[in-house]
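One structure is given below, encoded as structure tokens.
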Amino acid sequence: MNTEVIQDIAQAEEGTSLWQDAWVRLRKNHLAVLGLVVLLFMIVIALLTPWIAPYAYDAQNLDLGATPPSAAHWLGTDVFGRDLLTQIMYGGRISLAVGFIATSVALLIGVSWGAIAGYVGGRTDAIMMRLVDILYALPFMIFIVLLMVVFGRNVILLFLAIGAVEWLTMARIMRGQMQSLRQQEFVEAAVSLGLPPATIIRRHLVPNALGPIIVYTTLTIPSVMLLEAFLSFLGLGIQPPQTSWGLLISYGAETMEEYPWLLIYPGLTLTITLFSLNFLGDGLRDALDVRGSKD
Amino acid sequence: MGRFLASRLLQAIPVILAVITVTFFLVRVAPGGPFDSEKAVIPEVKAALEAQYRLDQPLFSQYLAYLGDLAQGDFGPSFKYPGRSVNELIGAGLPVTAELGLYALLIATLIGGLAGVIASLRPNTPQDYVPMALAMIGICMPTFLLGPLLVLVFGIELEWLPVSGWGDIPGDKILPSITLGAAYAAYIARLSRAGMLEVLSQDYIRTARAKGLPEWQVVVKHGLRGGLLPVVAFLGPAFAGLLAGSFVVETIFQIPGLGRFYVQAAFNRDYTMILGTTVFLSTLIVLFNLLSDVLAASLNPRLRHQYQTGGMP
Amino acid sequence: MALLEVRDLGVSFVTRNGVNKAVDGISFDVEAGKITAIIGESGSGKSVACYSMLGLVPMPPGRIDGGSAHFDGQDLLQMSEAELRKIRGRDIAMIFQDPMTCLNPFMRIGEQMIEPLVLHRGTSKAEAMERAIELLGEVGIREPASTINCYPHEFSGGMRQRVMIAMALINEPRLLIADEPTTALDVTIQAQILQLIAELQKSRDIGVIFISHDLAVVADIADQIAVMQEGRIVERGDREAIFSHAEHPYTQKLLSAIPSGGKENAQAHDDTLVRVRNLKTWFHSGEETVKAVDDVSFEIRRGEILGMVGESGSGKSTIGRSLLRLVPVTGGEVEFDGVDVTALEGTALKDMRRRMQMIFQDPFASLNPRMTVFDTLAEPLLLHGIETRKSVSQAVLKLMDDVGLMRSAVRKYPHEFSGGQRQRIAIGRALATRPEFVVADEPVSALDVTIQAQILDLMEALGREYGLTMLFVSHDLAVVKHLADRIVVLYQGRIVEQGTGDSLFANPQEPYTQRLLGAIPGRHLL
């Protein structure tokens, strides 16, 4: 390569990709940035909990009993004298894990399912999406309750069950993306260049379908966490000795007349986390200019 | 339209059948028989009990018999409370849950819809931010947290409203209805805002303005119908969500409705009860989904046209 | 006194990035009984000017900077919103570009049509309906008494525009603002609508503002023409004056951008490069079979540009895609350089793809928005082993030079370019593999007229330089005649006539060709 070309390329103005554009827009959205920061904070805390929690998870102090927030116990203690902050930190590990893992399950199944249906098209697509339609009509909330009753409260099962519900929407979104992208002229251009299908999917389809997937994933996590908390509240989700925010709220609600802090702090933590995720999701939706995805 | 309705009903039948089948076998393969826990049951008594509940027959004939009972509207007896049937419990709980659900749905659609429409009229002004901020709180504040908090504030601290019951003391229906409806009001507010924004940017809205129509007529006559279509389509899923929400709300407020019975049955492992209520609630949800689809389609002349000519969307 | 006198009208948009003057002190008159055309390319401010007078520009971000617009002696710009509402739809009515989206899809057309009448005159619904039925008949809707109960989606585009016109006229307005009313329509339909507007305007003696991007469209109907560029009126005058001796360079540029004349010397060889025999491409939607292409045969000689003309639904784009195996072919043969393309698979197909390329219609959709110009242009070069990783940079820059793009833009993304520049990138991609044959599918129809001319010139030059054989697909006969050696006319999936441009224009045999030729806007200019 001659030097002139090297210079021309090196001197060429750097373009701004759509991702960079989106990032600039996202950074201008203060609520979304705040959401991202809070979320990252929560994740770091959850990861470090075993080392930084102020008390041991199972440390009881029956003599102490339930006390309001104090210097020794920043968020107070429960009836067994357990430190509420410690409980919330350990509960957060479970709640966040459920949110992220179940969403990943949904993402994995939904995106592959939708991508295949949308790319292959025709009869395969019709059959695959028909199945999604039928599953969609099933009352899954009730089914999850049923599953938890029948097979006992099992965290793995909870991941799978929630993931199995949420993948349906993911599949629909991905399939819609694939379908509309396939009709775009730049994909036709790629075909007419003679690119192999794998390259077309990797270079031309996936990068362009990513936006809505990212947005919907961000919005799925809070709804999954809500579902987990809902089940735990009913006593059908996480069970002792493990704990989660939903379970803590459930205990707190039982004793809120005497010890309101036991309800308020876990509730606040859950709400703030859900806020962060939703703000981030909304911000991403605006930044990536995704329209028409499920609200 | 009739054809569309008929075809959707036909589609609903296999779904309901699938629900019944899956539920039935799930409950039956669950570890532990229903009478295992009971101590010192004389073998003869156990056999008699099993015969009464057809447990001595092969699984598949149990299934067929259950289907037969269902076809006659018989959801079967309760395992735990001999002499009581699932039908009785549904009969007792349904009116309460239906009333609670109706109030919640009214709150959700009226308040949510209104807030969304108001927000959409002046996007990115306080008129938009305030209702949308409230909606965000509604979405992030789960029912099982909002309920106790409302009880704490309005029931215990302020002592304005009763904290439990249903129809016993005047005003005891207010808190449960708000608790159940709030999240859906929030969803509907966001949906209707997005829908209205979309519609109000359409060319035909400009046409309406060019005719000289006053702004309120532009919004009401030309905007609402298209803008609220997504809300109508959402009513089906909202109904399913409200039912699930009623489990929580009825537990919190100690309301003798279907939801509470269901949760109790789940705890008691009262299998016939779970089976019966699951089948019943699922059928309701499937039918409600169908209803909201049909309603949404009937509001959209283009879809209606497609269905009439036999094509699918 | 003129019906509408606009003086020094200025409109700005205030955004976070500053103030953008959309309309910068324009003045023009509209006489009763006359058609005043405002011509300008996208972004010239022609629509904003008219909308702002009627209070249809949202403020903020819009802002009236000054000026006056006297309608019937009253200044529209000084009126309150309530006063303007009384004028809109009663004295001044509007029709818009896209008849598919301008009617409310949720309301029967009758309900929509009577709204202005009921609103402004308090006419009873029954009476208004009668009037609406009458008007529908007048604008050429068959069986108006029953169609009045139809929804918009039950009409074709042309019919909807007729409904829009009838609705605009229901209050017998004195001024009609028509914003690109025929741009979204097929040529033959466009001719009908133009004629209808002219007739109605004459019989009612109303004033018309006709907004368009296309001088040719108004060549037959406008009395006065104002040419707008970047918010200003650069030239204003009678139709004859504008067309015979335009003074402003921009107007001259617009005039010269109207494709005219035929192609002179055919440089084609004698051997046939593409031979299509009994091509059938059918689509199945549900139980229906759409015969998009139905038994079409033609040949293209090496070095020839074959023009393919037809309206929407004629199957012209599908033929191009069938040749390149972008849609599955139902039957027939496509022979390229002696090889049947429809039977190729694997490496042979890939190799054939290198030799046949396509240029697409929409430069906004035909480039992957997440790839830089470099990636887009390098992809075909690397795929077919034409260049190595080392030498590809130089080849990409050479391509950019060829299609007239600045080298410094090589690392930019598609959204950072204008429509015309994007089309240059797309042309560069198509030529990267050094193909022998290119299908150009409406390559200029999404572009502004002056850009159109540039791209056509570029394609002509590159065609010569690369020795291309081309299938040029377009709805625009004038463009095709300008470029093509021979022309094929398509109608509903079949070829109805073919011949050289001159013979076809001078002596069309088939009624459809005659209709198509008669519909060319401003045909006397050609």
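The values are calculated or read from the model by the stated rules, or taken from the named source; none is laboratory data. What you see is a predicted model; the values in this text were computed from it and never measured. When we count neighbours, we look across all protein chains shown, and the Cβ atoms used for this are built from the backbone with ideal geometry, even at glycine. What goes into the accessible areas is simple: the full protein's heavy atoms, side chains included, and nothing from ligands, DNA or RNA. Shrake-Rupley method; radii C 1.70, N 1.55, O 1.52, S 1.80 Å.
In this simple spin-label model, placing a label point 7 Å from the Cα along the Cα-to-Cβ direction at both B:LEU64 and C:ARG277 gives a separation of 6.4 nm. Remark on chain C: ratio of C-alpha radius of gyration to 2.2 N^0.38 Å is 1.07.
How would you rank C:269-280, B:182-193, highest first, on the average number of other Cβ atoms within 10 Å across their residues?
Details: C:269-280: 16.3, B:182-193: 26.2.
Ranking the peptides C:269-280, B:182-193 by packing returns B:182-193, C:269-280.
Can you pull out the buried accessible area for chains C and B, both sides counted, probe 1.4 Å, rounded to the nearest 100 Å²?
So the total buried area for this chain pair works out to about 2200 Å².
Estimated from helical segments only, the mean residue ellipticity of chain C at 222 nm is -10500 deg cm²/dmol, where each DSSP H run of four or more residues counts as -39500 (n - 2.57).
Ranked from highest to lowest mean number of other Cβ atoms within 10 Å per residue, what is the order of the peptides C:52-65, A:261-274? Walk me through the intermediate numbers first.
Numbers: C:52-65: 17.8, A:261-274: 22.4.
So the order, starting with the most tightly packed, is A:261-274, C:52-65.
Run the accessible area of the range C:10-167 with a 1.4 Å probe and give the carbon-and-sulfur part as a rounded percent. Please report the intermediate quantities before stating the final value.
Working: 3140 of 6420 Å².
The value for the range C:10-167 is 49 percent carbon and sulfur by accessible area.
In chain B, the calculated helix contribution to ellipticity at 222 nm averages -23500 deg cm²/dmol per residue, counting -39,500 (n - 2.57) for every DSSP H run with n ≥ 4. Here the Kirkwood formula, the inverse mean of 1/r across different C-alpha pairs, assigns the range B:245-290 a hydrodynamic radius of 10.9 Å. Each residue of the range B:68-79 was assigned a 3J(HN,Hα) from its phi angle through the Karplus curve 6.51 cos²θ - 1.76 cosθ + 1.60 (θ = phi - 60°); the sequence is x, 4, 4, 4, 8, x, 9, 8, x, x, 8, 6 Hz, with glycine and proline shown as x. Summing Lys and Arg as +1 and Asp and Glu as -1 over all other residues whose Cβ lies under 15 Å from the Cβ of B:LEU102 gives a net charge of -1. What's log10 of I(q)/I(0) for chain A at q = 0.10 Å⁻¹, Debye sum over Cα points only, no solvent? At q = 0.10 Å⁻¹ the computed log10 ratios are -0.67. Have a look at B:LEU243, B:LEU146, B:LEU64 and tell me which one the Gaussian network model of chain B (Cα, springs below 10 Å) gives the largest fluctuation. Sorting by GNM fluctuation, first place goes to B:LEU64.
GNM on chain A, C-alpha springs below 10 Å: top fluctuator among A:PRO69, A:PRO240, A:PRO222? Checking each option, the largest mean-square fluctuation is seen for A:PRO240.
Restricting to the range C:272-525, compute how many DSSP beta bridges are antiparallel as a %, nearest 5. Don't jump to the answer; show the numbers that get you there.
Working: 24 of 42 bridges.
Among the beta bridges of the range C:272-525, antiparallel pairing accounts for roughly 55 percent.
Across the range C:301-315, coupling constants 3J(HN,Hα) worked out from phi with the 6.51/-1.76/1.60 Karplus curve, θ = phi - 60°, read 7, 4, x, 8, 10, 9, x, 10, 10, x, 8, 4, x, 7, x Hz, and Gly and Pro carry x.
Taken over the range C:147-285, the alpha-carbon convex hull comes to 224 cubic angstrom per residue. For the range A:190-295, the equivalent ellipsoid built from the Cα gyration tensor has semi-axes of 42, 15, 8 Å, listed from largest to smallest. If you run the Gaussian network model on chain B, springs between alpha carbon atoms under 10 Å, then out of B:LEU94, B:LEU200, B:LEU152 the most flexible one is B:LEU152. When the Cα atoms of chain B are aligned to their principal axes, the ranges along those axes come out at 85, 60, 30 Å in descending order. Taking one quarter of the surface of the convex hull spanned by the alpha-carbon atoms of the range A:233-295 gives a direction-averaged projected area of 5.7 nm².
Can you give the helix-only mean residue ellipticity at 222 nm for chain A, where every DSSP H stretch with n ≥ 4 adds -39500 (n - 2.57) and the sum goes over all residues, rounded to the nearest 500 deg cm²/dmol?
On the way: 11 runs with 210 residues, N = 295.
The helix-only estimate for chain A comes to -24500 deg cm²/dmol at 222 nm.
Taken residue by residue and averaged, Cβ atoms of other chains lying within 10 Å of the Cβ of C:356-366 number 4.
Rounded to the nearest 5, what % of DSSP beta bridges with both residues in the protein assembly as shown are antiparallel? Please list the in-between numbers first.
Values: 52 of 89 bridges.
Antiparallel bridges make up about 60 percent of those DSSP assigns within the protein assembly as shown.
Take the Cα radius of gyration of the range C:272-525 and divide it by 2.2 N^0.38 Å, with N its residue count; two decimals is plenty.
Details: Rg = 18.4 Å, N = 254, 2.2 N^0.38 = 18.0 Å.
The value comes to 1.02.
All alpha carbon pair distances within the range B:92-270 were sorted into 5 Å bins beginning at 0; the resulting P(r) in whole percents reads 1, 9, 15, 17, 16, 13, 10, 8, 5, 3, 2, 0, 0, 0.
Can you give the mean number of other chain Cβ atoms that lie within 10 Å of the Cβ atoms in peptide C:482-489?
Values: counts 0, 0, 0, 0, 0, 0, 0, 0.
Whole-number average of other-chain Cβ neighbours for C:482-489 is 0.
Centre-to-centre separation between the Cα atoms of the range C:180-244 and those of the range C:381-425: 40 Å.
Rounded to the nearest angstrom and listed largest first, the equivalent-ellipsoid semi-axes of the range C:418-526 from its Cα gyration tensor are 26, 16, 12. Placing one equal scatterer on every Cα of the range A:100-202 and applying the Debye formula, the log10 ratio I(q)/I(0) at q = 0.10 Å⁻¹ is -0.36.
Largest first, the extents of the alpha carbon coordinates of the protein assembly as shown on the three principal axes equal 108, 73, 65 Å.
Excluding ligands, DNA and RNA, the accessible surface per residue across the protein assembly as shown is 42 Å² with a 1.4 Å probe.
With contacts taken as Cα pairs under 8 Å and at least 6 residues apart, the range C:365-509 reaches a relative contact order of 18 percent. Remark: for residue pairs A:LYS28/C:LYS412; C:LYS398/C:LYS481; C:LYS21/C:LYS46; B:LYS211/C:LYS86; C:LYS280/C:LYS316; B:LYS221/C:LYS125, the C-alpha separation exceeds 19 Å in A:LYS28/C:LYS412; C:LYS398/C:LYS481. Legend: mean number of C-beta atoms from other chains within 10 angstrom of residue C-beta atoms, peptide A:205-214, equals 1.
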